[in-house]
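The values are calculated or read from the model by the stated rules, or taken from the named source; none is laboratory data. Here the structure is a predicted model, which means the values were calculated and not measured. Backbone-built Cβ (ideal geometry, glycine too); neighbour counts: all protein chains shown. Please note that ligands, DNA and RNA were not included when accessible areas were found on the heavy atoms of the full protein model with its side chains. Shrake-Rupley method; radii C 1.70, N 1.55, O 1.52, S 1.80 Å.
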Amino acid sequence: MSTKDFIEKDFYKVLGVPKDATEAEIKKAYRKLAREFHPDANKGNAKAEERFKEISEANDVLGDPKKRKEYDEARALFGNGGFRPGPGAGGGNFNFDLGDLFGGAPQGGGGSGGFGGGIGDVFGGLFNRGGAGTTRTQPRRGQDIDTEVTLTFTEAIEGATVPLRMSSQAPCKACSGTGDKNGTPRVCPTCVGTGQVARGSGGGFSLTDPCPDCKGRGLIAEHPCLDCKGSGRAKSSRTMQVRIPAGVTDGQRIRLRGKGAPGERGGPSGDLYVVVHVGAHPVFGRREDNLTVTVPVTFTEAALGGEIKVPTLGGPSLTLKLPPGTPNGRTMRARGKGAVRKDGTRGDLLVTVEVSVPKDLSGKARDALEAYREATAEEDPRAELFEAAKGA
């Protein structure tokens, strides 16, 4: 994300939340939109894919308290994208460099107008940019990694530890991440080791882009490493044991902080994003935090009432009492037998009754049903239906 994007994009608007939204409100809004626009649910829809990227970008900033604070401070300072001079600035054109503003004390000597290190931290931490004029190369955060995992229905409900094999860019082992086969790169003269260069925005101030000569590294290899071609980065594969929390849903995207690609020069590792796919179960279904199951019952059980046994996921069966006259399709609730919630409690098991009609009858059973039909011959269960049809 460029500095310009960071200033101008309204991430609150992207997620549809107010600027004073709580962390819980932001998380809820992101999950709702992520489900709606996830590529798996919108295959071949380029607009939905682009929208999903915008939503993820907004959540990456607003979902992190530190980044959100930096974002709010930057937006307040620059007036949602444009620097607002004070009353004494005059009405003429003016130019200044963001590097001067965020790099430390302003040029021109003393006074109390320096911003010090406070405002510099707004962009310094997020974009890994050093102060103006510095010759010290800066640590670089590792890349974020996206991967997917498929769980069984039971694993998703109970949680599971799964092995994930990931490929990412990591410091080159041959040159220890320096990019130089002798291990002695020099500071890039173009960006003076910051990894970024200023460019005019046309709006009266300068923005920063990755340095084209060192590709944002701040270093140039005099003798490029043969393995990484002077980039200092090489492809690395590794297998990690990742714990997937209980209660995850199909399509959910989990963020594991610091589990992404390693950083450079002491920089922090990136994050790992895992999209979870959940397989179907032959017996149970899921409705939010509740599990569902359809249980067949006989006509006599439904008509006369009785007790029925119901299976549970991974546990012993339970006994439910059917009241006399239970209709087909009625749903009963077994509390605490559903999926695990975030707070550790469980949802419920929703048991739907389905009256089973036998295909084959013994002679004794047929005689009994014939006797029942004679005993109820005067009853017409469709009488009210026809009355309602006439009156409509």
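Scanning segment 222-256 for residues that are of a type in the set (Lys, Arg) and either in contact with a Leu (Cβ under 8 Å, 6 or more places away or on another chain) or open to solvent by less than 30 Å² (accessible area, probe 1.4 Å) (or both) yields one hit, ARG255. Looking across segment 311-353, the residues that are among the aliphatic types (A, V, I, L, M) and touching a residue at least 40 places away in the same chain (Cβ under 8 Å) come down to LEU313, ALA339, VAL340, LEU349, LEU350, VAL351, VAL353. Candidates THR331, THR319, THR326, THR292: the one that is among the polar types (S, T, N, Q) and farther than 30 Å from GLU155 by Cα is THR326. Of the residues making up segment 301-331, those that are closer than 25 Å to ARG243 by Cα and loosely packed, with under 14 Cβ neighbours inside 10 Å are GLY314, GLY315. Checking the stated criteria, LYS215 turns out to be open to solvent by 20 Å² or more (accessible area, probe 1.4 Å), on the phi > 0 side of the Ramachandran plot and either of a type in the set (D, E, K, R) or modelled with pLDDT of 85 or more (or both).
The residue list ASP180, ASP209 contains one member that is on the phi < 0 side of the Ramachandran plot, open to solvent by 30 Å² or more (accessible area, probe 1.4 Å) and at pLDDT below 85, which is ASP209. Taking the criterion of being β-branched (Val, Ile, Thr) and loosely packed, with under 10 Cβ neighbours inside 10 Å, the only residue of segment 332-360 that qualifies is VAL357.
Conditions (1) on the phi > 0 side of the Ramachandran plot; (2) assigned to a loop (DSSP other than H, G, I, E, B); (3) in contact with a strand residue (DSSP E or B) (Cβ under 6 Å, 6 or more places away or on another chain), marked per residue:
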position	(1), (2), (3)
LEU226	no, yes, no
GLY230	yes, yes, yes
THR239	no, no, yes
GLY251	yes, yes, no
VAL274	no, no, yes
LYS309	no, no, yes
LEU318	no, no, yes
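Screening segment 273-300 for residues that are more than 23 Å from VAL340 (Cα to Cα) and in contact (Cβ under 8 Å) with a residue 24 or more places away in the chain and picking the one that is surrounded by the most Cβ atoms within 10 Å (Cβ to Cβ) gives VAL297.
The set of residues in segment 276-307 being outside any loop (DSSP other than H, G, I, E, B), closer than 30 Å to THR147 by Cα and among the aliphatic types (A, V, I, L, M) consists of VAL276, VAL278, LEU291. Given the conditions (1) in contact (Cβ under 8 Å) with a residue 24 or more places away in the chain; (2) closer than 22 Å to PRO327 by Cβ, and given that ALA303 satisfies all but one, which numbered condition is not satisfied? Only one criterion is unmet by ALA303, namely (1). Among the residues of segment 361-388, those that are open to solvent by 100 Å² or more (accessible area, probe 1.4 Å), over 29 Å from LYS321 (Cβ atoms) and outside any helix (DSSP H, G or I) comprise GLU378, ARG382.
For segment 291-301, indicate whether the set of residues that are closer than 24 Å to GLN252 by Cβ, of a type in the set (A, V, I, L, M) and modelled with pLDDT of 95 or more is non-empty. Checked segment 291-301: at least one residue is closer than 24 Å to GLN252 by Cβ, of a type in the set (A, V, I, L, M) and modelled with pLDDT of 95 or more.
Taken over segment 341-392, the criterion of being of a type outside the set (A, V, I, L, M) and touching a Lys or Arg at 6+ places or on another chain (Cβ under 8 Å) is satisfied by ARG346, GLY347, ASP348, THR352. From the list VAL310, VAL283, the one residue that fits, being farther than 30 Å from LYS53 by Cβ, of a type in the set (A, V, I, L, M, F, W, C), modelled with pLDDT of 90 or more and in contact with a Pro (Cβ under 8 Å, 6 or more places away or on another chain), is VAL283.
Per the listing GLY124, GLY195, GLY142, GLY114, the residue uniquely modelled with pLDDT under 50, open to solvent by less than 50 Å² (accessible area, probe 1.4 Å), within 30 Å of ASP271 (Cβ to Cβ) and not charged (D, E, K, R) is GLY124. Number of residues in segment 159-176 that are open to solvent by less than 10 Å² (accessible area, probe 1.4 Å) and assigned to a loop (DSSP other than H, G, I, E, B): the value is 2.
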